[in-house]
Amino acid sequence: MTTVAYIANQFPSSLEPYVMDEISELRNRGVRVICCSGKRVCPSDLTERERELWTETKFLQPLSDSQLVTAVRRLGSQPQACSLLLKPVLRELPASPARRIRSLGHTLMGAALADELAPLHVEHIHAHHGYFASWIALVAARLMGIDFSFTLHGSDLLLRADLLAEKLHECRFCITISDFNRDNILRNFPSTPVSKVIVQRLGVDFPPVENCSIPKPEPHRFCLLSVGRLHAVKNYPFLIQACAALRDQGLDFLCWIVGEGPERPALERLIDDLRLRNQVLLPGHVARADLSGYYRYADLVALTSSSEGLPVVLMEAMAHGKLVIAPSITGIPELVQTGQTGFLYQPDSLFDFVSNVQRILENKASLSEVARAAAEHIRVNYDRQRNLCQFADQFLQRIAQPESPYASSVLQQVQLSA
C-alpha cells in the first residue's frame, strides 16, 4: 500500500474542502494518507466530517519541547542537508529578522515532521499552498530522502512567494489550478521544466433542481451577494463603496456579504459611515451546505478580491445558474467571459464595477442565456467528481514514475535532441 503524507497550513478547514476531497479520493483508491497541519485547529468550529479528520491529524504548531529537541537533533545529524536547507532561508528572504526567524521555525517543524513520518514508511509528501506548509514538506522530504510535491492556488504564487524558486527546483512536480498560474510560474521561474507543472482544475457539485415555493424575502429588491472571508485580500471596502454609489443613484437593492474574519469591525464602521445599514448586511459565517439559500435569492454574485486563484465561489454561483461579476485578474477570465458566462470589470475601477451592475440590473430579464451558458461552462470544465478523478490519476501516475536522471532542464533538452 502506498503511503502519502498530506500537509496544509491549517487542516481540516471548511474554507478548503478540496483538500479533504483529495484525501478521500486517494483513500478510495487504496492509498494510505497521513494528515498533517502546520497550525492547530479548534475542533469546536468543525463539522462532523472535519472533526473525524481532526482526530487523526498531526499538528505541528506549537512544537512541544520534546519535538523541538528531536528536530534540532535531526538537523544536527544531517549537517549537509541542514546547510542546504538554511542557505536559501538566509539568502533569498528579504533582510527581515522576523521573516527569517519564522522560516527557521518552519525548518524546525519540517525536521519534527520528518521524525514523525519516518516510522510510518511515508513515501511521498504533498503540500497544499505555497505558504509555509510547502517549506515544511520540502524540509521533511529532504531529511527523509523522499519526494514532495505541492499545489499552488493564487496569492501563494502572486503575493507571498517566499522560497518559491527553491520549492519548484526541489519538488517532484507542482500542481496548479489555472492556465494563468502555470504561465506565471514558467515565465517567472524559467528554469522550471514545463513537464513539472500540472494544471488540475478544482470543481464543484451541481445543486439539485429545486421547486422552491418559499418566496424571495423582498421580491422588489435587487439582491447582490458576495461570499468570502472578511479579509483584506477580498477588498470588501471596494464593494461597500460601490453599494454607496448604487444607493446614491437611486437603485433599490440589498447586498449580503457572507463570511467572517478579522475585517468585520472595519467593515461595520464603513457601513455606518456611509449610512448603508438598510442596504448592506453581514450575516457572518454560513456553512457551505447552507449557502444554497443565499444563492437561490441572489440576482448577482460579486467577487471583488485584489488577488485570487480560480475562485470556487464563482464556480458555485455559476453552477447555481447565477449571473456573476468579478475583476479581470489572474485566472478569473478562464471562468468568466464578459457577456458570455458573466461580467468582468477593470480591477479597482469603481466606475466600471458600478456601470456593469447598473446594466445588469436594467437588463436582467434578457440575461438568462448568460446564466445558462455559465452553468454549462462549469458542468463541462469544473465538475468536482470528474476533476477529482483526474487529479488522483495524475497524482498517482507521477509518484509512481521513476524520476528522470536529468535534474537540469538544459540537460533534459540536450538528451531529447540527441
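The values are calculated or read from the model by the stated rules, or taken from the named source; none is laboratory data. These figures come from a predicted structure and were not determined experimentally. So basically every Cβ, Gly included, is an ideal-geometry build from the backbone, and we count neighbours across all protein chains shown.
Values computed for the structure shown
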item: Evaluation of His285 against (1) over 22 Å from Arg264 (Cβ atoms); (2) without any contact (Cβ under 8 Å) to a residue 60 or more places away in the chain (one fails), failing number; result: (1)
item: Unique residue being surrounded by 16 or more Cβ atoms within 10 Å (Cβ to Cβ), aliphatic (A, V, I, L, M) and more than 16 Å from the chain's Cα centre (by Cα) when the list is Leu344, Leu314, Leu350, Leu303; result: Leu344
item: Top-ranked residue of segment 167-192 - restricted to ones that are within 17 Å of His126 (Cβ to Cβ) and charged (D, E, K, R), ranked as surrounded by the most Cβ atoms within 10 Å (Cβ to Cβ); result: Lys167
item: Residue match in segment 109-119 (condition: within 30 Å of Gly309 (Cα to Cα), of a type outside the set (Gly, Ala, Ser) and in the same structural domain as Pro402 (by TED's automatic domain parsing)); result: yes
item: For Ser368: the one exception among (1) exposed (fewer than 14 other Cβ atoms within 10 Å of the Cβ); (2) more than 30 Å from His124 (Cβ to Cβ); (3) under 19 Å from the mean Cα position of the chain (by Cα); result: (3)
item: Residue match in segment 272-289 (condition: part of a loop (DSSP other than H, G, I, E, B) and buried (at least 22 other Cβ atoms within 10 Å of the Cβ)); result: no
item: Positions within segment 46-74 being farther than 30 Å from Ala289 by Cβ, surrounded by 16 or more Cβ atoms within 10 Å (Cβ to Cβ) and among the polar types (S, T, N, Q), in sequence order; result: Gln67, Thr70
item: Criterion (of a type in the set (Asp, Glu), under 30 Å from Arg187 (Cβ atoms), touching a residue at least 40 places away in the same chain (Cβ under 8 Å) and assigned to a helix (DSSP H, G or I)) met by exactly one of Glu308, Glu334; result: Glu334
item: Asp147 being surrounded by fewer than 20 Cβ atoms within 10 Å (Cβ to Cβ) and of a type in the set (D, E, K, R); result: yes
